[in-house]
Every structure is written in structure tokens, then in C-alpha cells.
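The values are calculated or read from the model by the stated rules, or taken from the named source; none is laboratory data. From a predicted model like this one, the values you see are computed outputs, not experimental measurements. Here the Cβ positions follow ideal geometry from the backbone for every residue, glycine too, while neighbour counts run over all protein chains shown. Ligands, DNA and RNA are stripped out before the accessible areas are found, and what is left, the full protein with its side chains, is counted by its heavy atoms. Shrake-Rupley method; radii C 1.70, N 1.55, O 1.52, S 1.80 Å.
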Amino acid sequence: MNETPRSNRLHIAFFGKRNSGKSSLINALTSQTISVVSDVPGTTTDPVLKAMEIHGIGPCVFIDTAGLDDEGQLGELRIKQTLRVMERTDIALMVCTDGNITREMQWAGRLKEKDVPVIWVLNKCDLLDAPQQTMRQIEQICGQVPLPVSAKQRQGTEEIHRRIAQLLPDETMNRGLLGGLVEEGETVMLVMPQDMQAPKGRLILPQVQTIRELLDRKCLVMSCTTDKMDQMLQALARPPRLIITDSQAFKTVYEKKPKDSRLTSFSILFAQYKGDIDYFLKGAEAIGRLTEDSRVLIAEACTHAPMTEDIGRVKIPNMLRKRIGGGLQIDVVSGNDFPEDLSPYSLVIHCGACMFTRKYVLNRIASAKEQHVPMTNYGVAIACLTGILDKVEITH
């Protein structure tokens, strides 16, 4: 479990005012010194992330954030970083130390808008003269009895673990990449071109995750590069039940695949695993409505130096301009840089988002939906542009 990618872990974020003891509470919950603790308000600046394996919860990431009441120009920047943390939060802990929770209620409202469950925690109970009275005061305002905790004395942490376990999102924890595409004993062939973007000596995360799930499902897994696909098919006694390819090789693999073999791509698998495949499929229809006056946004989860073969910055733009015309305007963003205002765009094309949590991707999709901007995914877009989208296997 220590090797579970961060993007597949439950993200648990701690919010609260400065000096509310968020950092101390995380250290108490993990029995480790994860965050720097100080009596000086505002010690935590940028969000601090720690991947953990917690009994009863599983693989997760604890996120310590700056105080909600941070001040000054730097404070405003830190609050913006905290707002971004909300986009990837599965469960939130709202940490307070008294009954004055006006600021906390404002942030709890933001979390509610994003369908993030909130656990209210009253920290530093060992320092309060009447903790029960303070708990009742908080309950009257937020409608939830806060969990009494003393991070310093490490009291109440077991109850927090239990409350988190009760709120585990089953869908996030149990989703599979392959859905009903394969069954035990079936042969699956992976076509994995090793271009300039592939890390030397390693496979990329979507490939590793797909192979692992196929092995867990007791499938027979064969892999090859695109140029060895013919030899691989000849070596097999019968056609593979399913072929999974890198999206950029879609056209070549489709032309070579046996008639009885089903076809999909790593990117399309991640489209349903991390996002909203139905919205992505509908969004692909917008490609047919693009003109040279249109503007398209391509969003990458990874932050890497652009390559000459880059799929998001080179290959997809070339395919689009070949179809639409050279005047098509295409913007590219990467990592956490995703514009709040999507209204200038006729279409958003997102990568497979293997580096993002499902919650984060769904929040981006929700933003596109609210602004009535079509959105699709690399694999879906390439299949559409090559004319084989209706022939590709989609899991819902």
C-alpha cells in the first residue's frame, strides 16, 4: 500500500484558523512529526501533504493548510492555496478552539458546495474551562456535535479515525479501471509506444496501474510496442479479448487489430475512472462544431518540459488544426493552472489525469458544466478525430 499513487489515495484536509492546532492534530493522528508546530500563528504556509496508511481507512493523504484568517499580501496568497486544496479534498476536518466559528462556517459552506463532508473538531479541550458548553455552542451554529480533542495530550484521535472511516466514499475507494471489459483468464494485449515522453527504464503510471489491475483480475497480460504488434498477434494462439493502447497509436492499432478483439486506450480507461465519461463523450461532439474562430483549452495534469512529440502540446493541436484549420487558437495549461473562467473556450480537452484525484477532476468538470463549456479527454478526442470513437470500448 505504500506504493499506492497519491492520486488514488483518500485526501483528508485540515482547515481552521491560525494557531488552532491543525498541525499538532495531524502529528497526533499520524503519530509522526509531519507538520512544523509552533505557538506563533501562521507557521504553516504552503499546504503540507503526507501519504499515510491508516488502519480502518487505508491509503490516504493528510493535508495541512494555512490559517483561514491569514493576513497581508502573503496571507491572501496562502488562502488561495488553501482554496485549491478544497478542489481535491474527499473529507475535511474543520478545527476550531472556541465557539466563534463565523469564519469556519464560511469555509464549511464552500466545502458543502463541493459535496465535501466536514467533520467538526474542537481542539485544545484540555485548555478550556467548560468544553461541553463550547461544544453545544458550536453545535447550535453548525448543526453537528464537534469531536472533543486534545492534540497535545493525544486524546480523541481514535474517534476521529472512526468518524473518517464512516465517511469513506465507497465509489472512490472501490472503482476499477476496467469495469466489465474483462473477466478472469482472458487475454489482454497492451500496446505501449515508448516515445520521447516515456521515462527511461520505467513505465508511465497509467500503464503500471492497468497492468496491476489486470493481474489482480487474473488476466493473461501481453505487452509490446506498436512496431511489434504484428509479431505479438502472430505469437498468440488466438486473438486477445481486449487490446489497450496509448491513444496516440489508436489509428495504427485499430487498422491492425483482429476483428474479434475489442479496443480501448489507457486515456479512455482513466476518463471513466477519474472523470465523467458521458460528459466527455458528449463533449467530443463539439469538435465537429469548431471553426478557425474557435478557442480550445488543453489541460495537462503533469508539469513537464515540453517534448517535440508531446501529445497535448503538439500532436492533438496538429490533429485539430488539420481538421479545423491553422487559425484555430489553442491554449495549454498544466498542473494546477486551470482557469476559473472557461467562457472564452469552445472546448476543453483534458488529459487522463492519472496524477489527479477523481475529486479534483470532477470539480473541473463541474466548473465546465456550470459555464456550459463542452469538455472531453485526450483519448476520446483522438478517437473522435481518427473516426473510430464508435468502435472503441467504453466502460460506464
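How much of the accessible area of the range 99-145, in percent, comes from carbon and sulfur atoms when a 1.4 Å probe is used?
43
Where the accessible area of the range 257-377 is counted over protein heavy atoms with a 1.4 Å probe, how much of it, in %, is carbon and sulfur?
Whole-percent figure for carbon plus sulfur exposure: 49.
Among GLN81, HIS55, GLY67, whose Cα sits farthest toward the positive end of the charge dipole of the range 54-94 (+1 at Cβ of Lys/Arg, -1 at Cβ of Asp/Glu, about the Cα centre)?
Projecting each Cα onto the dipole axis, the largest value belongs to HIS55.
How large is the dipole of the chain about the Cα centre if only Lys and Arg carry +1 and Asp and Glu carry -1, each at its Cβ, rounded to the nearest 20 debye?
That gives the chain a dipole magnitude of about 640 debye.
Specify which residue in the list SER150, MET192, THR291 is farthest towards the positive end of the charge dipole of the chain, using unit charges on the beta carbon of Lys, Arg (+1) and Asp, Glu (-1), about the Cα centre.
Positive-most Cα among the choices belongs to MET192.
In what sequence, highest mean first, do 311-318, 7-14 appear when ranked by Cβ atoms within 10 angstrom?
Top to bottom by mean Cβ count within 10 Å: 7-14, 311-318.
Among PHE270, ILE119, VAL221, whose Cα sits farthest toward the positive end of the charge dipole of the chain (+1 at Cβ of Lys/Arg, -1 at Cβ of Asp/Glu, about the Cα centre)?
VAL221
What's the magnitude of the charge dipole for the range 114-165 around its Cα centre, counting Lys and Arg as +1 and Asp and Glu as -1 at the beta-carbon? Answer in Debye, nearest 20.
So the magnitude is around 120 debye.
Based on DSSP H runs of at least 4 residues, each adding -39500 (n - 2.57), what is the mean residue ellipticity at 222 nm of the chain after dividing by all its residues, to the nearest 500 deg cm²/dmol?
Mean residue ellipticity, 222 nm, calculated: -10000 deg cm²/dmol.
Keeping all protein chains in place, calculate the accessible area per residue for the range 290-396 (probe 1.4 angstrom), answer in Å².
Here the per-residue accessible area is 43 Å².
Hey, what angle do you get for helix 131-142 against the long axis of the chain, alpha-carbon based, 0 to 90 degrees rounded to 10?
On a 0 to 90 degree scale, this one is about 50.
Return the label of the correct value of Cα extents along the principal axes in Å, as calculated from the structure shown, out of [x] 74, 45, 34; [y] 69, 53, 50; [z] 77, 50, 35.
Recomputing Cα extents along the principal axes in Å here picks out [z].
Kindly flag which residue pairs out of LYS17/LYS152; LYS80/LYS315; LYS80/LYS112; LYS17/LYS274; LYS80/LYS114 have an alpha-carbon separation exceeding 22 Å in this structure.
LYS80/LYS315; LYS17/LYS274
Give me the accessible area per residue for the range 56-142, probe 1.4 Å, as a whole number in Å².
Spelled out: the 1.4 Å probe surface of the range 56-142, per residue, equals 47 Å².
At 1.4 Å probe size, with every protein chain present, just tell me what the per residue accessible area of the range 183-262 comes to in Å².
Here the residues of the range 183-262 average 57 Å² of exposed surface.
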